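In what follows, a single structure is set out as structure tokens and then discussed.
The values are calculated or read from the model by the stated rules, or taken from the named source; none is laboratory data. Since the structure is predicted, the reported quantities are computational estimates derived from the model, not experimental observations. Quick reminder, even Gly has a Cβ in these numbers, built from the backbone with ideal geometry, and neighbours come from all protein chains shown. The area values use the complete protein model at the heavy-atom level, side chains included, leaving out ligands, DNA and RNA. Shrake-Rupley method; radii C 1.70, N 1.55, O 1.52, S 1.80 Å.
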Amino acid sequence: ALPYDLAGRRIVVTAGGTREPLDPVRFLGNRSSGRQGYALALVAAARGADVTLIAANTDLLDPPGVTVRRVGSALELQHALLGELAGAGGSGVDAVVMNAAVADFRPSIVADHKIKKVSGAGTEPAAAGTAPAEPAETGPGRTEPAEAGRSIALTENPDILRGLVRARAAGELTIGVIVGFAAETGDQQTSALDFGRAKLARKGSDVLVVNEVSGGQGFEVADNAAVVLQNPDTTAPGEPLQRQLARGPKALIGAAVCDLIAQRLRPDAGS
Ligand code: C5P
């Protein structure tokens, strides 16, 4: 039977991938399906937690017993998350699990109208018989003139996870456990795990779940293999800082993360 060790705990999970609008019909997005976050939310709810799932552009059924809030962009996700954290009578939450793939950048300008392909260098010639290309609109947020190789100006999104860590350290937010996820690929010099350790140090979360995504693992697949890293600064002495999880269904990864959350929330957990 499942342990009922998260009873009464308030947990917020983000899942899916943000979409950063470019114009009314286009966006910059990513391949995150949201399945890992959904599986974790379902397991946490089954173990007694009061779970809110902030879902960015997922195509999955709402997990039973979980409150789902839908968002699109990174800024919307941040707004929804901070709303959850400010709610609950200001008493904070027991855990935040940042599983969503949040875009690091968004287009600096969101066009009010669909951006037109204008004739000129870098575009295909109009097929015979079609109407001539529409003239470029002008003004801020409108189509720029034709150029050889067009570009999109980007603005950096807030790092939501790091913001949570900082706000907690400053006493602005009450969050028991902060969990991040990282999909990493290794290169010749550095393993995916080493990148994960560096990311944990940078982000400062209590836990970072590192997925190696190079081998077709991770995004858009049912099974996941992961290493769970714990922050040496916030982990009780004697607790393992690294745990390899066997490759298995995302619900099992979710259960392992729930184990850690429950353990860290125990009154004698020491942190
Ligand atoms: O830096 P990277 O995107 O790999 O970090 C992954 C972790 O950081 C995830 O937990 C993700 O939800 C979070 N993140 C965030 N805000 C961003 C980018 C990532 O909270 N702008």
Query raised in the report: Between LEU193 and ALA225, what length in nm is gained on full extension when 0.36 nm per residue of separation is reduced by their alpha carbon distance?
Result: 10.3 nm
Query raised in the report: With each pseudo-label sitting 7 Å past Cα toward Cβ, what's the ALA153-THR234 distance in nm, one decimal?
Result: 3.7 nm
Query raised in the report: Non-local amide H neighbours of ARG69 (under 5 Å, H modeled in plane, Pro and chain starts lacking H): which ones?
Result: LEU53, ILE54, ALA55
Report task. Determine, for each peptide in 195-204, 4-13, 252-261, 32-41, the mean count of other beta carbons within 10 angstrom over its residues, then list the peptides with the highest first. Result -> 32-41, 252-261, 4-13, 195-204
Query raised in the report: According to a simple spin-label model (label point 7 Å from Cα along Cα-to-Cβ), what is the distance in nm between ASP5 and ARG247?
Result: 2.7 nm
Requested in this report: Given the peptides 236-242, 161-167, 47-53, 63-69, arrange them by the average over their residues of other C-beta atoms within 10 Å, most packed first.
Outcome: 47-53, 161-167, 63-69, 236-242
Requested in this report: Report the full-extension gain for the segment ARG202 to LYS116: residue separation times 0.36 nm, less the Cα-Cα distance, to one decimal in nm.
Outcome: 26.9 nm
**Report entry** Kirkwood Rh, angstrom, the range 1-120 [1 / mean 1/r, Cα pairs]
**Finding:** 15.4 Å
**Report entry** Relative contact order (%) - criterion: Cα under 8 Å, at least six apart; region: the range 226-270
**Finding:** 36 percent
Report summary line: Using a 1.4 Å probe on heavy atoms of the protein chains only, the accessible area for ASP268 in Å², nearest 10, reads 130 Å²
Query raised in the report: Roughly how big is the range 1-98's charge dipole about its Cα centre, with Cβ charges of +1 (Lys, Arg) and -1 (Asp, Glu), in debye to the nearest 20?
Result: 140 debye
Requested in this report: Report, by chain and number, residues whose modeled amide H sits under 5 Å from the one on PHE181, excluding near sequence neighbours (fewer than 5 apart, same chain).
Outcome: MET98, VAL209
